[in-house]
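Have a look at the structure below before the remarks.
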Amino acid sequence: MSDRRRRGWAYAAFGWLVLSFVWHAWMAVDYRRAMGPDSDAPVWVFLAYDGLVTLMSAVGAVLVLATVRAWGDRIPGWMVRVPLWFGAGLLVVRGVPGLIENITTVTGITPHGLLGQATELAGAWGTAFWTSLAINTYFFIGAVVMVPVAVAYERAVKSRQSGSEARLSGLQHHVQT
């Protein structure tokens, strides 16, 4: 992947993560509306969950920039690689099945959802369906932008390592002769 494309994916993922951060920070401020009037969950559970997602979004935003910025070379590779793959995997697991469920519901293949628990039948297309579709599409887009960042970073690290090994091998050969 070219450097330009790698930067493009990283900046797309950065934008996605910043939007996630802002959204979840606002949800913490306006937690009563975010929880909904019918929620029976304790406020502290919602705020802990939302705080975790907000923190993960902030850390993720810094790490995707670290993959394409010079200062990122000073961060140990595993400290970037592990969270990137975790985030990409989490978004795939959350985004892909959710969007598939929305598509199969709206097409009538599974009118009550993949697990048969949708409250609205396909064709009703009420607020709950459109909200679900928007959220699932957002997570799917997150997966689409995070996976290439993780793959590109992995390739860049391996390329740097093989280049370092080649230089070291050349240096050892030069010293021996």
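The values are calculated or read from the model by the stated rules, or taken from the named source; none is laboratory data. Given the structure is predicted, the values throughout are model-derived calculations rather than measurements. All Cβ positions, even for glycine, are placed from backbone atoms using ideal geometry, and neighbour counts span all protein chains on display.
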Which residue is modelled with the lowest pLDDT, if the candidates are limited to the range 139-176 and must be small (Gly, Ala, Ser) and either surrounded by 11 or more Cβ atoms within 10 Å (Cβ to Cβ) or under 17 Å from Arg5 (Cβ atoms) (or both)?
Ser159
Here is a check on your reading of the model: is Arg33 surrounded by 10 or more Cβ atoms within 10 Å (Cβ to Cβ) and either of a type in the set (Phe, Trp, Tyr) or more than 19 Å from Ile135 (Cβ to Cβ) (or both)?
no
Working carefully through the options Gly36, Gly72, find the one that is closer than 16 Å to Val149 by Cα and either in contact with a helix residue (DSSP H, G or I) (Cβ under 6 Å, 6 or more places away or on another chain) or of a type outside the set (Lys, Arg) (or both).
Gly72
Scan the range 15-31 and report the pairs whose first residue is on the phi < 0 side of the Ramachandran plot and whose second residue is surrounded by 15 or more Cβ atoms within 10 Å (Cβ to Cβ) and of a type in the set (Ser, Thr, Tyr), with Cβ atoms within less than 7 Å and a gap of 6+ or a chain change.
Leu17/Ser57; Ser20/Ser57; Phe21/Thr54; Phe21/Ser57; His24/Thr54; His24/Ser57; Ala25/Thr54; Ala28/Thr54
Listed by first then second residue, the pairs whose first member lies in the range 126-153 and is closer than 16 Å to Gly15 by Cα, whose partner is among the basic types (Lys, Arg) and crowded, with 21+ Cβ neighbours inside 10 Å, with beta carbons under 7 Å and at least 6 positions apart or on separate chains, are none
Only one of these conditions is not met by Pro97: (1) in contact with a helix residue (DSSP H, G or I) (Cβ under 9 Å, 6 or more places away or on another chain); (2) surrounded by fewer than 16 Cβ atoms within 10 Å (Cβ to Cβ); (3) farther than 30 Å from Tyr153 by Cβ. Which number is it?
(3)
Single condition Gly15 does not satisfy, out of (1) under 17 Å from Ile141 (Cα atoms); (2) loosely packed, with under 15 Cβ neighbours inside 10 Å; (3) modelled with pLDDT under 95:
(3)
Would you please name the residue that is nearest to Thr67 (Cα to Cα), looking only at residues in the range 85-94 that are of a type outside the set (Lys, Arg) and touching a helix residue (DSSP H, G or I) at 6+ places or on another chain (Cβ under 7 Å)?
Trp85
